[in-house]
Amino acid sequence: MSGYSRRRFLTLGTAALAVGALGNMRPLRAAEPAADSSGAMPKSGGVFQIAPLPYAYDALAPSIDEETMHLHHDKHYAAYAKKLNDALESAPELKSKSIEELLADTASLPKAVRKAIRNNGGGYYNHSLFWRWMTPNGTGKPEGKLASAIDETFGNFDAFKTAFSKEAADIFGSGWAWLILDGAGKLEITTTPNQDSPIMDVAETKGKPLLGLDVWEHAYYLKYKNVRADYIKAWWPLVNWKTASDLYDTARG
Ligand code: MN
């Protein structure tokens, strides 16, 4: 990345990132269209960049506290990005690929870096979207064509919420709950273990993520301790339905 070492970049505050230190890099913003294989995930010089939060660290409080957001974004997410980039250093032929391309075909990755890219690339991809799936200005309800598709598929929005919440609560160990658009063009609720993503070739149920909820303990344990269900309940009003809608429209083409 021109002018900035990765190390320096990762230690810059997000405020600095937000005011144009990024050069030609495209920061992820809630208003932007879906991340896709055209490279909407921030990458420069073959190095994946962490996306700044599109709101202040304390903006989601009290539902998600400031300390959790700092740890989650600045430590966990930054570590996934760093370890992904470290893995690519030992397989430089992969540096030209987008994150979507890397994750969609993990089977073809060299064995020496396959696990590192699956875990850390997945963590990088999932979290880059996760920040955009939340907003302090949540409307509480889906909009546009996505709202109609949710009603059509699940009966109504409350039924969808109940089903999604149950899937998220029932995940054993660490993982994610998802609303995806599957290969047949249908909405589906699914889950993945660890940092797997529905765009991965190894995913049990594949599709394009429209909405995702991180239920790793690092996402909620400081405030909610062992009561994951309370975290899930508190998360719904934060959902950025504009992001989900945009992803749906893009996935539908
Ligand atoms: Mn997380």
**Request:** Name the long-range amide H neighbours of residue 43: under 5 Å, sequence gap of 5 or more, or other chain; modelled H, no Pro or chain starts.
**Result:** 26, 49
**Item:** Cβ crowding within 10 Å averaged over residues, with 117-124, 194-201, 86-93, 54-61 ranked highest first
**Value:** 117-124, 194-201, 54-61, 86-93
**Message:** Under 5 Å between amide hydrogens, which residues at least 5 positions from residue 174 or on another chain qualify, with H placed 1.01 Å from N in the peptide plane?
**Reply:** 194
**Fill in**
Which of 95/145; 206/233; 97/233; 141/223 exceed 30 Å between C-alpha atoms? The answer is 95/145; 97/233
**Request:** For residue 107 paired with residue 76, estimate the spin-label separation in nm (one decimal), with each label point 7 Å from Cα along the Cα-to-Cβ line.
**Result:** 3.1 nm
**Request:** Using only Cα positions of region 144-252, each an equal point scatterer, no hydration layer, compute I(q)/I(0) via Debye at q = 0.17 Å⁻¹ and quote the log10 values to two decimals.
**Result:** -0.79
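The numbers here are math on the coordinates, done by the rules we state, and not lab data. The structure displayed is predicted, hence computed values, not measured ones. Cβ sites come from the backbone with ideal geometry, for glycine too, and all protein chains shown count toward neighbours.
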